[in-house]
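The values are calculated or read from the model by the stated rules, or taken from the named source; none is laboratory data. All figures in this text were calculated on a predicted structure; none of them were measured in a lab. Neighbour counts run over all protein chains shown; Cβ positions are idealised from the backbone, glycine included. All accessible areas refer to the heavy atoms of the entire protein, side chains included, with ligands and DNA or RNA removed. Shrake-Rupley method; radii C 1.70, N 1.55, O 1.52, S 1.80 Å.
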Amino acid sequence: MVPFPNEKSNKSFTIQSARFRAGIIRKIRDFFQTRGALEVETPILSHAASTDCHIDVFKTRFEPFPGSPLKEDVFLQTSPEFHMKRLLAEGFPDIFQICKVFRNGEVGRIHNPEFTLLEWYRRDYDMYKMIEETAELCTCVLGNYRNQKKTYRDLFIEHTGIDPLKTNCAEISLFCKSKGKTHPVFDTLTDALQFTMSEIIEPLLPKDTLCFVYNFPADQAVLALLDKDDSSVARRFELYINGMEIANGFEELTDPEENLRRLREQNLKRKAMGKPVIPEDNSFIESLKAGLPLCSGTALGVDRLIAIASESESIDATISFRWEIS
Amino acid sequence: MGMVDTSQFRKKLKIIIDGQPWMIVENEFVKPGKGQAFNRVKIKNLITGRVLDRTFKSGETVEEAEVITTKMQYLYNDGTNYTFMNSENYEQIEIPKDQIVDESRWLLENTECEVSFWGDRVISVTPPTFMDFVITYTEPAVRGDTATNVSKKATLETGAVVDVPLFIETGMKIRIDTRTGEYLQRAT
């Protein structure tokens, strides 16, 4: 039977796309199961959330009973990382999870406020080993793509002639203008670098290639370890494929004090931006005191990976009902 | 007119930037996983037609351009100016030819058009989508030539030149889609 045409139907998501998606999810599960990682599920709803100043969380309320005066703010996860690291700190082995995460306000060609994330952690892996495994996973899903690994600094210099570790907003601004790119006001150097990365460098990355960028400037460390020999860069990497940011990985910051400091730093930025402060996850910090082992973790956007695999430029055909029609 | 923020950006929205009216042609939400969100926007200047790429920080606001569209009847032209009359209050205005280059080829006397204004400034003249014209000249069809050509040129009473099927002859009336300039059918 031909489905009745309906404006609310997602025309791009067909039974065929559902089969394609299911096939890739199965490949991902097989990949980790054959490599000895344990699949886990962690809470989607939590008392705490990421404080990242550029990620806006969905907030809701827990009520002991309807109309109760005792209400508590709770949050939908923007990533499962805190809970997964808590499991690692409790002694869990290598773990992986495929789950829904939520980011407020993010709607676009490759954004949906609710999306599927694959996140996994490997004990005793450093960043380089984690990059290798991320490449192997992508090869398992996409087939043989070329592979390129460059440091953030080398890539930036190659395409702009500017050293990202020794520059300033004015120099970046001048460069963007020389390339005909008008840009919003840069509040910080990090904003300027990220704008250049996404508007000028990303489009120049080679096609059908796994493009790994690693050793991000320390200001963009998030929760990655700083490099032992060069504290101006962090052991963080990103994977880009065909103009899409697919994965983000860290050699994890294990020190509880430094973790707390970075969460607080983001909250200060939130205040400065006029955004609400998010409670820092004390359960997460406490668990780190028990000792998070040396480990690395990667978060990978599953909908985007499926879009790449199906040679699609948007995630529309990877999800059953986009936000607009959900 | 009110302010709009980036979340309200959509195709065809008209906004004011640096004192000029622009229309959004393309709008894309961009956000690095760990970075600031912005909108990558392609805009078209409603006066000059120039197309430009701009980026707006997520949440940034701009003024919406107040564009008013009025029904006006085309009366005549003197070669440099086209005179139109407001169908409701019979007021007349003159629009310089260079502001309606594309549309002027469809203007038959007494055609009712939609004229858009930004303040006093005319930014577009839109004739009816389907219009009938008499052909003032087209080459007679050549027998046996159907294999190579499926269409030929025809000049309309307004001077516009369009592609028509081979059986169309001088003096016939035809219907045109003025958005594309395509021949649709014979008219009576």
Please go through region A:129-182 and pick out each residue that is open to solvent by 30 Å² or more (accessible area, probe 1.4 Å) and within 14 Å of another protein chain (Cβ to nearest Cβ).
A:Cys169, A:Lys177, A:Lys179, A:Gly180, A:Lys181, A:Thr182
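Residue by residue, here is whether (1) under 19 Å from the mean Cα position of the chain (by Cα); (2) over 26 Å from A:Val302 (Cβ atoms); (3) more than 14 Å from chain B (Cβ to nearest Cβ); (4) at pLDDT below 95 holds:
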site	(1), (2), (3), (4)
A:Val185	no, yes, no, yes
A:Asp191	yes, yes, no, yes
A:Val213	yes, no, no, no
A:Phe216	yes, no, no, no
A:Val222	yes, no, no, yes
A:Glu238	yes, no, no, no
A:Glu245	yes, no, no, no
A:Pro256	no, yes, yes, no
I'd like to verify a number: residues in region B:1-25 that are touching a strand residue (DSSP E or B) at 6+ places or on another chain (Cβ under 8 Å), loosely packed, with under 13 Cβ neighbours inside 10 Å and free of Cβ contacts under 8 Å to residues at least 24 places away in the same chain, how many?
3
Only one of these is in contact with a strand residue (DSSP E or B) (Cβ under 9 Å, 6 or more places away or on another chain), within 14 Å of chain A (Cβ to nearest Cβ), open to solvent by 50 Å² or more (accessible area, probe 1.4 Å) and of a type outside the set (Phe, Trp, Tyr): B:Glu88, B:Glu94, B:Glu60, B:Glu28. Name it.
B:Glu60
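Going by what's in this entry, would A:Arg103 be described as touching a His at 6+ places or on another chain (Cβ under 9 Å), at pLDDT 95 or above and either within 14 Å of another protein chain (Cβ to nearest Cβ) or open to solvent by 20 Å² or more (accessible area, probe 1.4 Å) (or both)?
Numbers: touching a His at 6+ places or on another chain (Cβ under 9 Å): yes; at pLDDT 95 or above: yes; either within 14 Å of another protein chain (Cβ to nearest Cβ) or open to solvent by 20 Å² or more (accessible area, probe 1.4 Å) (or both): yes.
Yes; evaluated as a whole, the condition is true for this residue.
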Looking at region B:31-50, which of its residues are within 12 Å of another protein chain (Cβ to nearest Cβ) and open to solvent by 70 Å² or more (accessible area, probe 1.4 Å)?
B:Arg40
Just for helices (runs of 4 or more DSSP H) wholly inside region A:220-323: which have at least 3 residues that are out of contact with any helix residue (DSSP H, G or I) (no Cβ under 8 Å at 6 or more places or on another chain) and free of Cβ contacts under 8 Å to residues at least 40 places away in the same chain?
A:256-272
Can you tell me which residue is farthest from B:Asn39 (Cα to Cα) among those in region B:63-72 that are open to solvent by less than 50 Å² (accessible area, probe 1.4 Å) and out of contact with any Lys or Arg (no Cβ under 7 Å at 6 or more places or on another chain)?
B:Met72
Which one is farthest from B:Gln185 (Cα to Cα), of the residues in region B:97-109 that are open to solvent by 40 Å² or more (accessible area, probe 1.4 Å) and touching a strand residue (DSSP E or B) at 6+ places or on another chain (Cβ under 6 Å)?
B:Gln99
